[in-house]
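Chemist: Would you mind keeping the following structure in view while I ask a few things?
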Amino acid sequence: MIGTVTEFLTRKNSVFLTLISFTAFLAPMSHLMVPTQMKGILGFTWMSSFLYSLGWSISVVCFGVLMNFASNYTNEFKKFFRFLSFMMIGYAFFFMAYTLIPIKKDFPLYVYLLLFLTISALSVCLFYYVSEAVMYVENRFKKAIKNIFSHIYDTKNDIKEEKQAEHEILRGKLIQETIENVG
């Protein structure tokens, strides 16, 4: 059982990072799960070609998300990691759009390329705003946790005298865990 809120947050991040990492490494291998002679979709001759192309795009998106997550834990390279993250997301969504939107002869090639670039730019903007919203919520959650612990710290007079020493030790441990895990 999870003992503290900070322990839960640490486990949540570990599960999130593990899931994203597995997806990043396994997505390019999705083409191995279908028969090699299976008919393709969206202009691809074989389904395995389609899944291979889509898998690499998904993999790069996952690595972009990991870079964005890593940027929150470094001060020295924060801007570099964020920039690299957005570049990876844009690159991946360009090729994801290229994979999912079949190019036909109804428009010139430059129209399709502009469409792919627009989709890529919009994806980067959406990713930016979603990541900012997540950080905002997380920071508010951290602030709420700090307020709760400051309230616990102030309730010293509500404890029976015989439990005072035990409470001091437990409170010290909780505050130390909070400082280590929440920041």
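The values are calculated or read from the model by the stated rules, or taken from the named source; none is laboratory data. Note that the structure is a prediction, hence the values are computed from the model and not measured. Glycine also receives a Cβ, built like all others from the backbone with ideal geometry; neighbour counts cover every protein chain displayed.
Chemist: Which residue, of Phe77, Phe127, Phe93, Phe141, is closer than 24 Å to Thr18 by Cβ and at pLDDT 85 or above?
Modeler: After ruling out the rest, the residue left standing is Phe127.
Chemist: Mind checking which pairs have a first residue in region 28-50 that is closer than 10 Å to Thr99 by Cα and in contact (Cβ under 8 Å) with a residue 40 or more places away in the chain and a second that is among the β-branched types (Val, Ile, Thr) and surrounded by 14 or more Cβ atoms within 10 Å (Cβ to Cβ), Cβ under 8 Å, 6 or more apart or different chains?
Modeler: Leu42/Thr99; Leu42/Ile101; Gly43/Ile103; Phe50/Thr99
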